[in-house]
1. Which members of segment 61-70 meet the condition of being buried (at least 17 other Cβ atoms within 10 Å of the Cβ) and modelled with pLDDT under 85?
2. Can you tell me which condition residue 77 does not meet? The list is (1) surrounded by 17 or more Cβ atoms within 10 Å (Cβ to Cβ); (2) more than 17 Å from the chain's Cα centre (by Cα), and all the others hold.
3. For segment 52-60, indicate whether the set of residues that are at pLDDT 85 or above and in contact with a helix residue (DSSP H, G or I) (Cβ under 9 Å, 6 or more places away or on another chain) is non-empty.
4. Given (1) exposed (fewer than 14 other Cβ atoms within 10 Å of the Cβ); (2) part of a strand (DSSP E or B), identify the lone condition not met by residue 48.
């Protein structure tokens, strides 16, 4: 199941924005084979990360450290099912 990673604090958002302006975004895709993570894109302050099951226990990798390392900023992640539930609670967009 994919996970969606996004910054949440204003300070982190400002850090990402400044980092992108100064250094630019590393070219996609970003990969972490050990954690079975692949960042496939960035939109605004959201980094889209696919997290695949890891062997042998079939747990998913955690993208926080991966994104923090790539962008040198604090990050947090949410499972895609959490994102869809939040979208339902927020209702239709205008």
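1. 61
2. Among (1) surrounded by 17 or more Cβ atoms within 10 Å (Cβ to Cβ); (2) more than 17 Å from the chain's Cα centre (by Cα), residue 77 violates only (2).
3. Taking every residue of segment 52-60 in turn, none turns out to be at pLDDT 85 or above and in contact with a helix residue (DSSP H, G or I) (Cβ under 9 Å, 6 or more places away or on another chain).
4. Of (1) exposed (fewer than 14 other Cβ atoms within 10 Å of the Cβ); (2) part of a strand (DSSP E or B), only one is false for residue 48: (1).
The values are calculated or read from the model by the stated rules, or taken from the named source; none is laboratory data. All values reported here derive from a predicted model rather than from experimental measurement. Backbone-built Cβ (ideal geometry, glycine too); neighbour counts: all protein chains shown.
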